[in-house]
Amino acid sequence: MVTASTASPQVRMLVQLCLYVYCKCLWRFLKFILRKITGKCELQRICYSRKPGAQRTLKIEASLKSSKNELLQSAVTTHADDIERTVDNIMQLKNINPDTNPQFGISLQACLLQIVGYRRLIAEVERLRRDQYDSENPHHEETLLKLWTFLRPDVTLNGRISKQWCEIGFQGDDPKTDFRGMGMLGLYNLVFFAEHDNTTARQVLFDSHQPKYSKINTKEWEKKKNDQAIGFSFAIVGINITDLSYTLLVSGALKTHLYNVAPEAPSLFHFHKIFCYLMHQFHKFWIEEDPLDIMEFNRVREKFHKRIIKQLQNPDMILCPRFAASENLINL
């Protein structure tokens, strides 16, 4: 007797293909039946049964992508300026009367603004990531010096090239070499964190310099080297967390959070806020994990990554509630 475990790869592939075709046909048949019973298309049923935010927008996005109709498929890639016209075309295609279904057009437009905005945010973030730090660029230099001012307002930087940069977590006397992986995106994130959440940023920086055991007094600690700290290099970790944020964005994992907090198109502002939240949470996670030394950074980072991914699998998840705009989603 042939079982699933003993069947040849060809047989298993054939079974999977049959199941796929069967499910596809069954699903389309069920959609047809539901349309006849309710008098509403799938897009209408989603908009009327799902609350605004990720629950609704993710379903709308999946429905449009899986459609056989070219107009519906292309709706997720339309230009932001064409969204209103796209909604009108979809309503016409589905024979939906805008006079008797005014809320549907508003809801669908809000979903498309989020879907298209997410794609646009990825493009903007990618552009900043590819924009390499240039010491000949006055704006780049000015932005870097801002980072020092926000983090060490009471300490004068002796020069652009200085060992003092190690005090805020860079690896050498010229920070530009540390931005190679994430480009200006890493610097903009760090500056945003230091400027808009200054108290938290400076606390994280302070803690990164502390010894592993609190029994040591301040005077003894001041005599020690930074490499004996329990903490981590603030700036380098910030660039790593930027990479983590970027990975979450490109993979689509951040859709849950962004669709819940951005009533329309998610923006770079939202991405920076996510970075602030992740820096704060990673700081707490690092202390909880109590690693022996910085050599355990990759292990701790990967574990932290998995925790965030798991949280984002909840369609109601908002990573940073105090930055949420969920009240604005109520009437969409």
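Figures for the structure shown
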| item | result |
| --- | --- |
| Coil-residue GluC sites (Glu not before Pro) of segment 127-176, DSSP, other Cβ within 10 Å capped at 10 | GLU136 |
| Ordering of 42-50, 273-281 by burial proxy (mean other Cβ atoms within 10 Å per residue, highest first) | 273-281, 42-50 |
| Entries in LYS176/LYS255; LYS163/LYS284; LYS176/LYS284; LYS59/LYS94; LYS59/LYS303; LYS51/LYS303 that, when Cα-Cα distance is taken, lie over 26 Å | LYS176/LYS255; LYS163/LYS284; LYS176/LYS284; LYS59/LYS303; LYS51/LYS303 |
| In segment 163-195, trypsin sites (Lys or Arg not before Pro) in a DSSP loop with at most 15 other beta-carbon atoms within 10 Å | ARG180 |
| List LYS65, LYS94, LYS284, ordered by accessible area with a 1.4 Å probe, largest first | LYS65, LYS284, LYS94 |
| Global form of segment 40-128, assessed from the alpha-carbon gyration tensor, a/c cut-off 1.5 | prolate |
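The values are calculated or read from the model by the stated rules, or taken from the named source; none is laboratory data. Everything quoted here is computed from the prediction, not taken from an experiment. Note that we place each Cβ from the backbone using ideal geometry, even for glycine, and neighbour counts take in every protein chain shown. Ligands, DNA and RNA are stripped out before the accessible areas are found, and what is left, the full protein with its side chains, is counted by its heavy atoms. Shrake-Rupley method; radii C 1.70, N 1.55, O 1.52, S 1.80 Å.
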